[in-house]
Amino acid sequence: MSLSEQECVACGDKVLYLATDGRCDGCVAQGHGWWTTKEVADYLGVKLGTVSAYHHRGEMPRAEERFGRTYVWRPRTITEWNENRPRRRHKA
Ligand SMILES: [Zn+2]
């Protein structure tokens, strides 16, 4: 038996397989613990590249953790920032 259980960074469950950001499948599916760039993009309703551009230009909170090449944020960091940032409305 070469596999060992690892602890999910979000829920603390011990599982055999973790996503690259250190979460178990269940937490990834439910967006628990961390949001990756993809989940931030989904929340904001923009493309992945837009989030990367925001991050690169310092127009959004800095990523709080990094797992390999994956930047992650706490959901609340993003939701609070989004609620407080100036709106650019394209639709009435
Ligand atoms: Zn988990």
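Readers should treat all values here as calculations from the given coordinates under stated rules, not as data from a laboratory. Model, not experiment: these values are computed from the prediction. With ideal geometry, Cβ positions are generated from the backbone for all residues, glycine too; neighbour counts draw on all protein chains shown.
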Report task. Please work out which residue is farthest from Thr70 (Cα to Cα), limiting yourself to the range 1-14 and to residues that are exposed (fewer than 12 other Cβ atoms within 10 Å of the Cβ) and among the aliphatic types (A, V, I, L, M). Result -> Met1
Requested in this report: Take the residues in the range 1-18 that are assigned to a loop (DSSP other than H, G, I, E, B) and near the ligand (Cβ under 9 Å from one of its atoms), then tell me which one is farthest from Trp73 (Cα to Cα).
Outcome: Asp13
Query - All positions within the range 15-38 that are among the hydroxyl-bearing types (Ser, Thr, Tyr) and either surrounded by 14 or more Cβ atoms within 10 Å (Cβ to Cβ) or under 22 Å from Arg87 (Cβ atoms) (or both) - result: Thr36, Thr37
Report task. Kindly indicate the residue of the range 53-64 that is out of contact with any helix residue (DSSP H, G or I) (no Cβ under 6 Å at 6 or more places or on another chain) and surrounded by 14 or more Cβ atoms within 10 Å (Cβ to Cβ) and also nearest to Ala10 (Cα to Cα) among those meeting that condition. Result -> Ala63
Query raised in the report: assigned to a helix (DSSP H, G or I), free of Cβ contacts under 8 Å to residues at least 12 places away in the same chain and within 16 Å of the ligand (Cβ to nearest atom) - does that describe any residue in the range 29-38?
Result: yes
Query - Complete set of residues in the range 39-51 that are surrounded by fewer than 20 Cβ atoms within 10 Å (Cβ to Cβ), of a type outside the set (Asp, Glu) and assigned to a helix (DSSP H, G or I) - result: Ala41, Tyr43, Leu44, Leu48, Gly49, Thr50
